[in-house]
Amino acid sequence: MDESNVNLAGKRILYIGPEFYNYHVSVNEALVRLGATTRFHSEMEYGLLFRLLAKLCRPLAAKLVRQHLDMILRGESSSNYDVVFVIRGGFCDSEFVQKLKSCLPDARFYMYQWDSLKQNDYSHLIAMFDKVMTFDSLDAAKLNIPYEPLFYTSEYSNLLNERLEPLKYDLAFVGAYHSDRLEVVKKVAAFCDREGLAFRFHLFIKRLPLMRMLLTGRLKVADLRYLSTKSLSLPEVLDIYRESRAVLDIELNIQSGLSIRTFEALGADLNLVTTNKHVMSEPFYDPKRILVIDRDKVDLNVAFFTDKTVKKPYNDIDRYSLDKWLCRIFE
């Protein structure tokens, strides 16, 4: 499609989504940059009380969710929007969506999923939206909805002109602790130590979960060298990427969709090492620049890091910029 044919100028958009790192801010800023007037609501306020109740008393947590959704409805009942844009909407049930449609009968409803169906079952909401898209190609085929991979923001594409030579790291990983990420990072670190490769990793975990898992034996004291309770800011992540040759991506092991870290690495024109084999089906896949590894039997190709020949740019990677991604959502 020609993204230039999509015009958001003057559109009034109600945007509901998770407050996930700074992505909700970037998306909102891009909508404004494309000419829209926006109002953002977090899909849920993730305060300490809610997090505790979600683990200890789900009925009370559900009550907090309902109160939050009702607050959104009260605040927007007299508003006038052209578009309702929901990203993920993990707490938006059919009752909420139906009430919102009643409040905004002239608005078009769009949903984008950056979670897999296994993680967030949104299938019951699809019929209530004018358009639903997902980052997961297998879910797209199963649900008969469009497949649309994720995006990168301009901070990453700007790194093209900010590389710090000589590079400090052969491989870098930045991400939060979940599923089997720790085990994969440990295997990659062991491989890099054996082969003399510089591996910079930052695996974030919050203090309370860390203490709980140490006390229950899910984590060992020896694991602490791989974990950090400090969350990196965007400038800190960019500093690491600026000095790296390649980025390691370890997707959630129940999803097939490509993570946003994948596109941030590609947008920065970095090589990619990933556990997600589905990247091999993408038009930008280049085996000279993207190394797919088995998360259970980690074996990196040393030549992938030592080959210093100039590689071709990724094919049409500009189409995954945030602005063009939004234009395809609202096509």
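For beta carbons closer than 9 Å, sequence separation of 6+ or different chains, a first residue in region 14-35 that is under 14 Å from Gly90 (Cα atoms) and a second that is open to solvent by 30 Å² or more (accessible area, probe 1.4 Å) and acidic (Asp, Glu), the qualifying pairs are Glu19/Glu45. Does Ser137 qualify as being surrounded by 15 or more Cβ atoms within 10 Å (Cβ to Cβ), touching a residue at least 12 places away in the same chain (Cβ under 8 Å) and touching a His at 6+ places or on another chain (Cβ under 8 Å)? Yes. Looking across Ala30, Ala9, one residue alone is open to solvent by 30 Å² or more (accessible area, probe 1.4 Å) and modelled with pLDDT of 90 or more. It is Ala9. Filter region 102-125 for residues that are part of a helix (DSSP H, G or I) and surrounded by 15 or more Cβ atoms within 10 Å (Cβ to Cβ) and give the result. Selection gives Cys103, Leu125. Is it fair to say Leu159 is of a type outside the set (Val, Ile, Thr) and not in a helix (DSSP H, G or I)? So Leu159 fails the test.
Here is a yes/no grid of residues against (1) surrounded by fewer than 19 Cβ atoms within 10 Å (Cβ to Cβ); (2) among the acidic types (Asp, Glu); (3) part of a loop (DSSP other than H, G, I, E, B); (4) at pLDDT 95 or above:
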| position | (1), (2), (3), (4) |
| --- | --- |
| Asp299 | yes, yes, yes, no |
| Phe305 | no, no, no, no |
| Leu326 | no, no, no, yes |
| Glu331 | yes, yes, yes, no |
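Suppose the filter is buried (at least 18 other Cβ atoms within 10 Å of the Cβ) and assigned to a loop (DSSP other than H, G, I, E, B); does Tyr15 pass it? The answer is no for Tyr15. Of the helices (runs of 4 or more DSSP H) lying entirely inside region 173-292, the ones with 3 or more residues being open to solvent by 10 Å² or more (accessible area, probe 1.4 Å) and charged (D, E, K, R) are found at 181-195, 234-242.
Just to check your reading of the model, which residue among Ile72, Ile126 is out of contact with any Cys (no Cβ under 7 Å at 6 or more places or on another chain), in contact (Cβ under 8 Å) with a residue 24 or more places away in the chain and aliphatic (A, V, I, L, M)?
Details: Ile126 fails: in contact (Cβ under 8 Å) with a residue 24 or more places away in the chain.
One residue alone meets the criteria, Ile72.
So, Ala265, is that one of a type in the set (A, V, I, L, M) and either in contact with a Phe, Trp or Tyr (Cβ under 7 Å, 6 or more places away or on another chain) or under 22 Å from Lys312 (Cβ atoms) (or both) or not? Judged against the criteria, Ala265 is a match.
Give region 43-65 a look and list any residue that's of a type in the set (A, V, I, L, M, F, W, C) and surrounded by fewer than 13 Cβ atoms within 10 Å (Cβ to Cβ), or say none. If you could, list the steps in order and put the result at the bottom.
Initial filter on region 43-65 (of a type in the set (A, V, I, L, M, F, W, C)): 44, 48-50, 52-54, 56-57, 60-62, 64-65.
Hits for region 43-65 are Leu48, Leu49, Leu56, Cys57.
Scanning region 76-101 for residues that are part of a helix (DSSP H, G or I) and open to solvent by less than 40 Å² (accessible area, probe 1.4 Å) yields a count of 4.
The values are calculated or read from the model by the stated rules, or taken from the named source; none is laboratory data. Treat the numbers as computed from the prediction; the structure is a model and nothing was measured. Backbone-built Cβ (ideal geometry, glycine too); neighbour counts: all protein chains shown. Each accessible area value is taken on the protein alone, full model and side chains, heavy atoms only, with ligands, DNA and RNA left out. Shrake-Rupley method; radii C 1.70, N 1.55, O 1.52, S 1.80 Å.
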